[in-house]
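Enquirer: Dumping the structure here so I can ask a few things about it.
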Amino acid sequence: MFPVEKIRADFPILQRQVNGKPLVYFDNAATSQTPKVVIDAIVDYYSNYNANIHRGVHSLSQEATDKYEQARIILQKHFNARQAYEMIFTSGTTHSINMVASGFSKLLAKGDEVIVSALEHHSNIVPWQMLCEITGAKLKVIPMNQEGALMIDAYENLLSSKTKLVFCNHISNALGTINPIKEIIEKAHSVGAAVLIDGAQSIPHMKVDFQELDVDFYVASAHKVCGPTGMGFLYGKQEWLEKLPPYQGGGEMIETVTFEKTTYAGLPHKFEAGTPNICGGIAFGVAIDYMNSIGLDEIAAYEQELLEYGTKKLEEIDGVTIYGTSNKTSVISFNVGEIHPYDIGSILDKLGVAVRTGHHCTQPIMDFYQIPGTVRASFAFYNTKEEIDIFIEALKKAIMMLS
Ligand code: 7TS
């Protein structure tokens, strides 16, 4: 039995009430909640060893540097990167994607092609459009089908010797679809293209192995995996990170500076200009350790149970349409008849249930289904079937009020 009650006790926020009702937090795809071990690590950092890193000879600075670099190793081991310096700390997925897109502005030329999937979050579309504007490269799109899955045959037809980069998410935030990224990566490599995978929605739900995937770049955010906001990573294969120019100039990313010429530091410092989110990095490592203490396979199995239960309960309600029905994680995106998702979300909130409504930063997916948005309930390993029952009753009340 998955020890969900014991796990819930780790999350102080789950004790609170919202609008006089016990909180039912089903907005985990937007951000996950924070266990006490991570909160304690943040308090410990600011209470006991707050200092700038990589520069001081003094003890506090050395302690902070050691903990920050240990966190990098925790990430390296967890994701099976070849080297710790292939894990670049960033402020999150968006930042990481922009770093790679900016770097490729020096590597692409007119006539080159890049491929994006139809299932992307705007943060994995807009930076590449900006890149194409600068370089004259062409953006092509892997289409999706009605089930919310990517059409891999069509992808094969898009690939050619002109393809330089493919970017795709591991899991769609709007629908929960798990994309066949190993196949996507293999096919891209067969024409010599590099691949960036957006793992914002995958790392909370599954074990990811960078070497096994043979992925070139993989990016994610700490706040989706029980860590703090404003923190994330860019993983890049060493040969790619060496090829890319630095993203920002500044302190810490240099080897020598003169007014005539500056030389850059090695990895990872070349991409980590300025004082980073030191506490955030340390807390990210603690969050990953916490997830591993529960076990990602156990988490995935339990979340699938929640997904099946929630889907069955929702399907019993008249007028419900669920979007995204292929192999997926614990995300249910739905509408009820013609009722606007925002209206449902507002009433659910009055009843203590937190969901996200709207286009989820995936307007192309909403356009595909010809809808303005959805209500999205996304479950985490600390949610329960009893909470799903509360959500279903609240939803029925909302439908009654709005029909
Ligand atoms: N990529 C995917 C697949 C995401 O789900 C998100 C955030 C991002 C990128 C951006 O991550 P950030 O940490 O840089 O903001 N997704 C969501 C969501 O679904 N609801 O709120 C944020």
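The values are calculated or read from the model by the stated rules, or taken from the named source; none is laboratory data. Owing to the predicted nature of the structure, the values given are computational and were not obtained by experimental measurement. When we count neighbours, we look across all protein chains shown, and the Cβ atoms used for this are built from the backbone with ideal geometry, even at glycine.
Enquirer: Exactly one condition in (1) within 14 Å of the ligand (Cβ to nearest atom); (2) assigned to a strand (DSSP E or B); (3) free of Cβ contacts under 8 Å to residues at least 60 places away in the same chain is false for residue 322; which is it?
Expert: (1)
Enquirer: Just to verify a result, which residue in the stretch 179-198, among those that are within 12 Å of the ligand (Cβ to nearest atom) and in contact (Cβ under 8 Å) with a residue 60 or more places away in the chain, is surrounded by the fewest Cβ atoms within 10 Å (Cβ to Cβ)?
Expert: The selected residue is 179.
Enquirer: Checking residue 215 against (1) among the aliphatic types (A, V, I, L, M); (2) closer than 19 Å to residue 85 by Cβ; (3) within 11 Å of the ligand (Cβ to nearest atom), only one condition comes out false. Which one?
Expert: Only one criterion is unmet by residue 215, namely (3).
Enquirer: Oh, and also: Check every one of the strands (runs of 3 or more DSSP E) wholly within the stretch 84-195 and list those with 1 or more residues that are assigned by TED's automatic domain parsing to the domain that holds residue 242 and over 30 Å from residue 248 (Cβ atoms).
Expert: 138-142
Enquirer: Now a separate question. Is at least one residue of the stretch 325-332 assigned to a strand (DSSP E or B) and charged (D, E, K, R)?
Expert: yes
Enquirer: Among the candidates 165, 158, 175, 139, which residue alone is within 14 Å of the ligand (Cβ to nearest atom) and either touching a Phe, Trp or Tyr at 6+ places or on another chain (Cβ under 9 Å) or modelled with pLDDT of 95 or more (or both)?
Expert: 175
Enquirer: Against the definition (assigned by TED's automatic domain parsing to the domain that holds residue 88, away from the ligand (no atom under 16 Å from the Cβ) and either of a type in the set (A, V, I, L, M, F, W, C) or modelled with pLDDT of 95 or more (or both)), how does residue 220 come out, yes or no?
Expert: no
Enquirer: While we're looking at this one, here's another question. In this structure, is residue 341 within 14 Å of the ligand (Cβ to nearest atom) and surrounded by fewer than 19 Cβ atoms within 10 Å (Cβ to Cβ)?
Expert: Considered against the rule, which asks whether it is within 14 Å of the ligand (Cβ to nearest atom) and surrounded by fewer than 19 Cβ atoms within 10 Å (Cβ to Cβ), residue 341 comes out as no.
Enquirer: Kindly indicate whether any position in the stretch 149-158 is under 24 Å from the mean Cα position of the chain (by Cα) and within 29 Å of residue 298 (Cβ to Cβ).
Expert: yes
Enquirer: Among the numbered criteria (1) surrounded by fewer than 18 Cβ atoms within 10 Å (Cβ to Cβ); (2) at pLDDT 95 or above; (3) assigned to a loop (DSSP other than H, G, I, E, B), which one does residue 39 miss?
Expert: (3)
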